[in-house]
Amino acid sequence: MAVLDILQYPDERLKQLSVEVSNFDTSLQYFINDLLETMYAGPGGVGIAAPQVGYFKRIAIVDVSKNPKLVSNGCMILINPEIKKWEGMKIGREGCMSVPDFTGNVIRAEAIEVHAQNVEGKWQTFSCVGYEARAVQHELDHLDGLLFLDRLVSRRTDLFQRKKYKKK
Amino acid sequence: MAQWFMLTLVGKDRVGIVARVSTLLFEQGAHLGEASMMRLGGNFTIMLMVRTENDVQTLKMLLQKIANDMDLHIHIENIDGQLHQHKLPNMRISVYGADRMGIVATVTNILVEVGFNILDLESDVGGSQAQPIYIMHIEGYSETPQEEVQKSLDAAVAKDGISTRISHIDTLIG
Ligand SMILES: [Zn+2]
């Protein structure tokens with residue numbers, strides 16, 4: 001296992017689209033172990049996406065279970081993930097290991113359902129709410145070459161307590 | 001040696017102030033740091049961190065000229081500026097109520113007592129001219145539990161009809 005180097009914006013590679021994983025072999029398992037170690041070594045340690053370490057495959061990990069106050073699915077290995085349902089909208093503050101020393105407000109869905117393969121290639125569905133749902137959306141954005149910087153909203157926006165629903 | 005200074009401009013709002021000032025700074029080879037521009041009571045205000053390796057005196061003179069041209073008050077101060085010094089807040093406090101003297105003093109003194117460090121404060125006066133309301137948002141960091149901060153604030157201002165609401169800021173680093 002090894003802690004991998006994190007790409008930092010303005011590295012253009014972070015804007016790259018990651019491709020689907022098709023081989024569920026032992027090298028994938030090794031990579032995921034390294035990715036996990038890298039995530040836990042980071043400042044937040046709640047999520048990471050493969051492109052952040054320069055590996056442009058659709059792999060993300062989210063684990064918010066260290067905070068016992070949060071509703072969580074434990075450690076989620078999300079391969080070829082897809083969000084199937086969105087509900088609610090909420091502003092929260094985000095930062096990113098690939099964007100040091102800056103945090104900003106971003107609107108995310110409050111509850112989502114995400115469909116993804118695990119390390120063996122088996123499909124699973126997770127229902128995520130609140131902070132965990134936010135983390136999943138942040139990491140999945142990385143797979144599409146998007147950073148939270150692409151979704152910043154003004155500080156003043158959170159003066160309005162909005163409640164809106166978006167469905168897809 | 002590059003030196004940071006804080007440039008403050010205040011005056012009547014008009015189109016093009018920021019463009020003109022930033023163009024001059026660019027032409028003079030000055031770097032910009034963090035900045036905050038806002039309209040306060042219809043006035044234009046900006047505070048801007050500026051760093052230059054070139055002749056500061058010339059730069060100050062040229063800025064003064066723009067300020068004179070555009071009817072702005074200008075203030076330039078050498079500072080110990082440093083970038084990358086952001087502190088993360090863990091609480092946001094919203095305060096609102098009928099505008100009356102001393103709201104800010106009361107609230108901020110309570111915050112000092114509970115060890116709450118203010119990182120950001122902004123306030124507005126809304127409502128009608130006859131019955132103005134005061135709205136304030138504070139972000140900061142405190143080790144004191146949220147419930148205790150809330151209790152102290154309520155004890156101090158609830159009797160005056162001032163509402164305070166604290167929300168937790170959980171910054172996600174992903
Ligand atoms: Zn990120």
Item to check | Size of charge dipole - the protein assembly as shown - debye, nearest 20, with Cβ of Lys, Arg +1 and Asp, Glu -1, no other charges | outcome: 1160
Item to check | Residue-by-residue Karplus 3J(HN,Hα) for region A:33-49, coefficients 6.51, -1.76, 1.60, Hz, glycine and proline x | outcome: 4, 5, 5, 4, 4, 5, 4, 5, 7, x, x, x, x, 9, x, 7, 10
Checklist entry - Each residue of region A:95-104 in turn: what ³J(HN,Hα) in whole Hz from Karplus with 6.51, -1.76, 1.60 and θ = phi - 60°, glycine and Pro shown as x? => result x, 8, 4, 8, 9, x, 6, 8, 10, x
Item to check | Percentage relative contact order, region B:91-168, counting C-alpha pairs under 8 Å, at least six apart | outcome: 46
Checklist outcome for this item: Put in order of increasing Cβ neighbours within 10 Å, starting from the fewest, A:Cys128, A:Cys75 give A:Cys75, A:Cys128
Next on the checklist: Using Cα-Cα distances under 8 Å and only pairs 6 or more residues apart, what relative contact order does chain A have, in percent?
Outcome noted: 25
Item to check | Residues A:Phe102 and B:Arg165, FRET efficiency given R0 of 22 Å [Cβ-Cβ distance, rounded to 0.05] | outcome: 0.25
Checklist outcome for this item: In whole angstrom, the spacing between the Cα centers of region B:80-131 and region B:1-53 equals 24
Checklist entry - So which residue, out of A:Arg58, A:Arg108, A:Arg151, gets the largest mean-square fluctuation from a GNM of chain A using Cα contacts under 10 Å as springs? => result A:Arg151
Checklist outcome for this item: If unit charges are put on Cβ atoms (+1 for Lys and Arg, -1 for Asp and Glu) and the dipole of chain B is taken about its Cα centre, the option from B:Tyr134, B:Ala105, B:Leu72 lying farthest towards the positive end turns out to be B:Leu72
Checklist outcome for this item: If R0 = 30 Å, then B:Glu147 and B:Asp99, at their Cβ-Cβ distance, give a FRET efficiency to the nearest 0.05 of 0.60
Item to check | Spin-label pair A:Asp5/B:Ala19, simplified geometry with 7 Å Cα→Cβ offset, distance in nm | outcome: 4.2
Item to check | Cα pair distances of region B:52-174 binned at 10 Å [whole percent] | outcome: 11, 31, 22, 21, 14, 1
Item to check | Estimated dipole of chain B in Debye, rounded to 20 [Cβ of Lys and Arg +1, of Asp and Glu -1, Cα centre] | outcome: 420
Next on the checklist: Could you work out how much longer the chain between A:Ser27 and A:Ser127 gets when fully extended? Use 0.36 nm per residue separation minus the Cα distance between them, nm to one decimal.
Outcome noted: 33.2 nm
Checklist entry - For chain B, what is the mean residue ellipticity at 222 nm derived from helices alone (per DSSP H run of n ≥ 4: -39500 (n - 2.57); sum divided by total residues; nearest 500 deg cm²/dmol)? => result -8500 deg cm²/dmol
Checklist outcome for this item: Taking Cα pairs closer than 8 Å and at least 6 residues apart, the relative contact order of chain B in percent is 23
Checklist entry - Relative to the longest principal Cα axis of chain A, at what angle does helix A:130-143 sit, 0 to 90 degrees, rounded to 10? => result 60
Next on the checklist: Assuming 0.36 nm per residue, please report the length gained on full extension of the stretch B:Ala130 to B:Arg39 beyond their Cα-Cα distance.
Outcome noted: 30.5 nm
Item to check | Length released on extending from B:Asp71 to B:Ala156, taking residue separation times 0.36 nm less the Cα-Cα span | outcome: 26.3 nm
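Every number here is computed from the coordinates shown, using simple stated rules; none is lab data. Here the structure is a predicted model, which means the values were calculated and not measured. Glycine also receives a Cβ, built like all others from the backbone with ideal geometry; neighbour counts cover every protein chain displayed.
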